[in-house]
Amino acid sequence: MAAETDPLSTVFAALADPTRRAILARLASGEATVTELAEPFAMSLPAVSKHLKVLERAGLITRGRSAQWRPCRLEAEPLGEASAWLGQYRRLWEHSFDRLADHLAERMAEFQTPAPAPAPAPDPAGAMGPDAGPTGTAEEAGATEQAARGAAQSERLRQQEQEEQGEGS
């Protein structure tokens, strides 16, 4: 495989592996030796060392010398560069998320807004009496409207039948 010359690509390639991200997370709390870094993983020390070499090549960690120990230390600058590159697109993401939030709010409002109660139908015959009217419940108003529609439809059918009988005679 050809060596990467683009530092940002090298950083993102190093960050692509969850083991390396976990190592960086551990180093964010302070220096650690290879043995300490290997403890949470079910892998050999040479395998952890390979991950550390990838992180070191990307500039994400440095290894020091302290007697016989070689503690690893997190280097934040490459992470800052990656963050700055991603930050260029943050406004685009935020704008898209804002539009999505607005759309979802509109949809939720549609489902949460109760349907307006139907207006009570006029009582042409006055059959409902003095207690009927705007003081009734929405349920009563709906029943009244339904009854009025039924009565109107019955009247139309009766008139149609009369017209048909008149034409047939």
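Readers should treat all values here as calculations from the given coordinates under stated rules, not as data from a laboratory. Computed from a predicted model, the values in this text were never measured in an experiment. All Cβ positions, even for glycine, are placed from backbone atoms using ideal geometry, and neighbour counts span all protein chains on display.
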Using alpha-carbon coordinates alone, the radius of gyration and Dmax of segment 7-78 in Å work out to 11.3, 34
Stretched fully, the stretch from GLN88 through GLU161 gains (0.36 nm per residue minus C-alpha distance, one decimal, in nm) 18.8 nm
Of all trypsin sites (Lys or Arg not before Pro) in segment 25-124, the ones in DSSP coil with at most 13 other Cβ atoms within 10 Å are ARG65
Residue span GLN68 to ARG21: 0.36 nm per residue of separation minus Cα-Cα distance leaves a gain in nm of 14.3 nm
Expected vector for segment 35-48, Karplus 3J(HN,Hα) from phi with 6.51, -1.76, 1.60 and θ = phi - 60°, integer Hz, x for Gly and Pro, equals 4, 5, 5, 7, 3, x, 9, 8, 8, 6, 4, x, 5, 5
Under 5 Å from the placed amide H of ALA32, counting only residues 5+ away or on other chains, we find CYS72
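Using alpha-carbon pairs under 8 Å, 6+ residues apart, how would you state the relative contact order of segment 19-71 in percent? Provide the component values of the computation, followed by the final result.
Values: 30 pairs, mean separation 18.8, N = 53.
About 35 percent, as a whole number.
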For the GLN153, ALA117 Cβ pair and Förster radius 22 Å, calculated FRET efficiency rounded to 0.05 is 0.50
